[in-house]
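None of the figures in this text is laboratory data; all of them are computed from the coordinates on show. Not measured: the values here are computed from a predicted model. Here the Cβ is made from the backbone with ideal geometry for all residues, glycine too, and neighbour counts use every protein chain on show.
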Amino acid sequence: MSQTAAKKTQRASKTAEFAALFRALEYAFPKERRLFEDPFAIHFLSYDLQLLACLARIPILGKLILQLVDRTEPGARASGVARTRLIDDHLTHALSKGIQQVVILGSGYDCRAFRIPECRQIRVFEVDQSGILNLKLARLNKLLPGLPRNVIFVRTDLNIDKLEQTLIRSGYDKNLPAFFIWEGVTQYLTEQAVQHTLQFIGETAPGSFLLFTYVHKQAIDSWLTGQKKRLIRQFVNQIGEPWIFGLFPEELSAILSSHGLELIEDVDSMAFRKRYMNPHGPHINRYRFYRAALACVKRKSTEPQIRFFRSFFRETE
C-alpha cells in the first residue's frame, strides 16, 4: 500500500471510530434508556477506546465517562446518537412501506445491515473507500459466522469515482425505489462530489428517499469565531479530514429541486435531540450547526409517506 493510500485508510478509520465510540457508549445507560443497541460498535474501536466503552458500562463510572466525553466536545455525542436513532426510525418506516433496497453512502462502521432485523430481507449496499471497507470486513469476519449475501460492499471514493458506475455494477437496480442514508459524510466532500451524488439520487426510481446530514455553511465559513469552533477545526484537521463543505438551510430546497429531489423536512440537531432526550438537558443547545434533511424523488403515490415524514419531523421541534 502506498503512503497516500495508507494515510487515507487511517483517516477514514479514525472518523468512523469516533462515531462507533458514541454508539458503544449507549450501553452506559440502562436498557430502557438506550436510543438503540449496536453490539458491533465496540469491536471497531482501538484498545484504549474499547476499554473506555467497557468501563462506561459500570454504573458509577459510566456517568463520569459520559460527562468527560460531553465536556470535551459538548453536543457531539448527543447529536451523533440522536441522529442515528432518527435515521433508524425513518429507515424502518420506509422498509415497512415496501422499500426494497438501501444504500448507505460513506458507511464507515455503520452496522444497520446487521443490527436492524428488517434489513436482513432486502439488499443493502455499503459504499465507502477501499481502506475503510477492508478494515470493516476484516472485523466482521471475526464477529459473524459468514457475511450475509444481501449486503454488498461497494468500493467508491465519492470525491473521485462516479457513483452510478460502481453502484450499478454492484447490482443496484435503478428502477426500484431505494432509501439512501448519507450520515456524517457531506462535510468531508467537495462541492462537486455532493452535487454529483445528489444528481444521481435524483435520477433514481420515483419513491426513493434520501436522509442525509450536513453542516450549516456559516459554521464552515467562520471557524475562527468562538472557542468551540476552533477546537472542532483543530481536531478534524489533526485527523486529516477537515470539514470543507456546508450548506445554507434556506438554499437547500432549491438545490435539491435542481437535482430532481423534493425537500420534505430539514431540522437542526436540537430538534432531533429533543425528540429522544431530555429537552431541558445540558446537551441540547450545542452543536446546532449540524442538521438532518429528508428528501424524495417524488411521485403521487409517495404523498402519504411525505405527510408522515413531515409530521414526524415537526414532532421534534
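Residues 141, 159: which one is of a type in the set (S, T, N, Q) and touching a residue at least 12 places away in the same chain (Cβ under 8 Å)?
Values: 141 fails: touching a residue at least 12 places away in the same chain (Cβ under 8 Å).
Testing whether each residue is of a type in the set (S, T, N, Q) and touching a residue at least 12 places away in the same chain (Cβ under 8 Å) leaves just 159.
Could you list, in sequence order, all residues of the range 240-280 that are farther than 19 Å from residue 222 by Cβ, in contact (Cβ under 8 Å) with a residue 60 or more places away in the chain and among the small types (Gly, Ala, Ser)?
240, 260 - these are the residues of the range 240-280 that are farther than 19 Å from residue 222 by Cβ, in contact (Cβ under 8 Å) with a residue 60 or more places away in the chain and among the small types (Gly, Ala, Ser).
State which residue is farthest from residue 23 (Cα to Cα) when the search covers only the range 177-205 and only residues that are in a strand (DSSP E or B) and more than 12 Å from the chain's Cα centre (by Cα).
Going through the range 177-205, the residues in a strand (DSSP E or B) turn out to be 178-182.
Cutting the leftovers down to more than 12 Å from the chain's Cα centre (by Cα) gives us 178-179.
Details: 178: 25, 179: 22 Å.
Across the range 177-205, the extreme among qualifying residues is 178.
So which residues in the range 155-186 are within 21 Å of residue 84 (Cβ to Cβ) and either surrounded by fewer than 22 Cβ atoms within 10 Å (Cβ to Cβ) or of a type in the set (A, V, I, L, M, F, W, C) (or both), if there are any at all? Write out each step before concluding.
To start, the set of residues in the range 155-186 that are within 21 Å of residue 84 (Cβ to Cβ) comprises 158, 178-186.
Correct list: 158, 178, 179, 180, 181, 182, 185.
Given the residues 70, 89, 110, which is the only one that is in contact (Cβ under 8 Å) with a residue 60 or more places away in the chain, under 21 Å from residue 132 (Cβ atoms) and touching a helix residue (DSSP H, G or I) at 6+ places or on another chain (Cβ under 9 Å)?
Residue meeting the stated conditions: 110.
Suppose we filter 142, 174 for residues that are touching a Ser or Thr at 6+ places or on another chain (Cβ under 8 Å) and not aromatic (Phe, Trp, Tyr); which single one remains? Quick ask: steps written out before the conclusion?
On the way: 142 fails: touching a Ser or Thr at 6+ places or on another chain (Cβ under 8 Å).
Selected residue: 174, the only one of 142, 174 that is touching a Ser or Thr at 6+ places or on another chain (Cβ under 8 Å) and not aromatic (Phe, Trp, Tyr).
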